[in-house]
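The values are calculated or read from the model by the stated rules, or taken from the named source; none is laboratory data. Keep in mind that what you see is a predicted model, and the values were worked out from it rather than measured. Here the Cβ positions follow ideal geometry from the backbone for every residue, glycine too, while neighbour counts run over all protein chains shown.
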Amino acid sequence: MASEQAEPIAATGATPAASRPPATIRYVDRPDLAETFADAISGLIFDGQSLRIEFAVTRLDEVKQDGPIAGRRFPACRLVLTPAAAVDLINRMQQVGAALAQAGLTKATPASTPAR
């Protein structure tokens, strides 16, 4: 069964936003949606219009006795976000980071002070 969540968003159009209520958008889950595994971020670009994130997966070559470990990194997924979606991602990742720090899994990095 699909879960649905209502999420208000800002209305757009010719009528001023203050004169009409915001649109209500329902989230509809798609359990059949394919998942993509990634173990690295190989690219991150913001061009002013969109944030592009390239996720990658690392595959190790066959290990030969007494030989160096080598591998290759392949792109697995390219995600393109609007600036609003990028800000939402940043905010949610900050929440995840705070939860991981509270659980003791990461350490908070103090903000660096500018050199004088």
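Data for the structure
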item	result
Tabulated pairs, the range 59-70, first free of Cβ contacts under 8 Å to residues at least 40 places away in the same chain and of a type in the set (A, V, I, L, M), second part of a loop (DSSP other than H, G, I, E, B) and exposed (fewer than 10 other Cβ atoms within 10 Å of the Cβ), C-beta under 7 angstrom, 6+ apart or interchain	Leu60/Ile69; Val63/Ile69
Boolean, Arg116 is exposed (fewer than 13 other Cβ atoms within 10 Å of the Cβ) and at pLDDT 95 or above	no
Those residues of the range 37-59 which are surrounded by fewer than 11 Cβ atoms within 10 Å (Cβ to Cβ) and not in a strand (DSSP E or B), in sequence order	Phe37, Asp47, Gly48, Gln49
Number of positions in the range 60-88 that are surrounded by 10 or more Cβ atoms within 10 Å (Cβ to Cβ), assigned to a strand (DSSP E or B) and among the aliphatic types (A, V, I, L, M)	4
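Each row is one residue, and each column tells you yes or no for (1) under 30 Å from Val57 (Cβ atoms); (2) at pLDDT 55 or above.
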site: Pro8; (1), (2): no, no
site: Thr15; (1), (2): no, yes
site: Pro22; (1), (2): no, yes
site: Pro31; (1), (2): yes, yes
